[in-house]
1. On the given criteria, is Glu186 assigned to a helix (DSSP H, G or I), among the acidic types (Asp, Glu) and open to solvent by 10 Å² or more (accessible area, probe 1.4 Å)?
2. Quick one: Ser354 ticks every box in (1) open to solvent by less than 10 Å² (accessible area, probe 1.4 Å); (2) closer than 21 Å to Val132 by Cβ except a single one, so which number is it?
3. I'm trying to understand the selection: among the residues of region 270-283, which are assigned to a helix (DSSP H, G or I), touching a residue at least 12 places away in the same chain (Cβ under 8 Å) and of a type outside the set (A, V, I, L, M)?
4. Can you name the residue in region 357-369 that is under 18 Å from the mean Cα position of the chain (by Cα) and open to solvent by less than 50 Å² (accessible area, probe 1.4 Å) and, of all such residues, is farthest from Lys397 (Cα to Cα)?
5. Just wondering, is there one or more residues in region 414-421 that are out of contact with any His (no Cβ under 9 Å at 6 or more places or on another chain), modelled with pLDDT under 95 and over 19 Å from His135 (Cα atoms)?
Amino acid sequence: MHSIRAVARNNKHKMVFSIIFGNNNNALLNRLDAMRNAEQQLMMFARRFVPMELQENEEVVDIQLMDTEIPKHRIFGDAIKKSKTTTTTCQISVNDPNTNDEQQQQKDDSQLIIHGVKVTSKYNNNSTTPLVLLHGYANAALYFYRNLSGLSRQHYGTIYALDMLGWGLSSRPPFVTEENTVRSAEKFFVESIEAWREANGLDRMILGGHSMGGYLSVAYAEKYPERVEKLILISPVGVPHVDEEKEKQKWTNLPLRYRLMFGTVRTIWKMGTTPGSFIRFLSESRARGLVEGYVDRRLPAIEDPEEKTALSEYLFTNSMLPGSGEYILNRVLKPGAYAREALVHRIPKLKVSSISFLYGRHDWMDLSGGLEVQKRCEAITRDGGEAPSVEVHEVDKAGHLLMLENWYEFNSAMVLSGGGKIHPNAPRPRLLHFSQFSDMNAKDPA
């Protein structure tokens, strides 16, 4: 096993990737180049998506890549001391080109990098608290490329979108935890986000997370509520509580072929097989075809062939790079994407004043989870207790990937959730309340 360093240039700064991998190093270097190129293309597309009411205005948004060093010990703690055979040497890490090999090795042993995008508006001071966005499972920061320019110009003066630790172009250390528990798995991300916040000198933030990023936003707000002004959960995974007996009975009543299929899925899930590891197992042509087919099926709203190609390449290379953060999957979720510790029980206890849920009209994520949280929080408040104020927004013509499928209305929902106002002509998401539903599993109010 040996090390290769690949030099990359992103705008005005230079990065060096140290890759420690046994074979096929050239392929890995090519993957990194491809992901950086796709990232640059999506950044160019990001400037195109501006609300109609702002299109005649002068270009006032600055979009820059950023890399933040964080101390490795914050994430791993005593995990290494407990196992002499475990290493946290990064499979991919971003390093300083101005150091020699010995200095670089010392840095690799103590530092990790969080990669991301910073967006600033020169004249918009509506919100002095920055918006920090966390992507979903197997994604990265530029999954929000259709939203960054508009949100910065509409309301949020400063936006950070992060590649969470173990994804995108952030460091990819082995997914090592101190204990085999849900909270220990969450710590990998919670502490890396907190270390990033400290390094960037942010006092408080409006924290928004999509899907798995929403789940991890809750975990962060549990531990560091004083750092979260508002919480925006974008089609978050893991909210509803599942009745194990009812779920088991449901599968028992299915035809044999479906029970066999579900049994296979459960076995693969328990083994820790991830979508990324499955994709890396395939030939490149089959893996690429799988990702491109996913984008075609799930995102018909993306009609520009060049935009679709850039997004497909971004997702493909993200999955083909060595696995790291992806291994949280079966540590916090059960088969069927139910949380091992359901957020419906955790969110009402948060010491955060305002929480917004955003769902797509055709979302596969169950909006009844958000409505149930709202119901519980209002009951606690009505009985004299303290609980967050909860809103639930529904974005039309969108599913789980609402920020891409209907970016304009999604932006409106984000502005409203952040306490801002939208233009009279801007599309407005539907505001939902649990009292409108006789059956909270239904898609439409009674």
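1. Criteria not met by Glu186.
2. (1)
3. If the condition is that a residue be assigned to a helix (DSSP H, G or I), touching a residue at least 12 places away in the same chain (Cβ under 8 Å) and of a type outside the set (A, V, I, L, M), then Lys270, Pro275, Gly276, Ser277, Arg280 are the ones that fit.
4. Per the criteria, the residue is Phe357.
5. No, that holds for no residue.
The values are calculated or read from the model by the stated rules, or taken from the named source; none is laboratory data. Just so it is clear, the structure is predicted and the values come from calculations on it, not from any experiment. Backbone-built Cβ (ideal geometry, glycine too); neighbour counts: all protein chains shown. Ligands, DNA and RNA are excluded from the accessible area calculation, which covers all protein heavy atoms including side chains. Shrake-Rupley method; radii C 1.70, N 1.55, O 1.52, S 1.80 Å.
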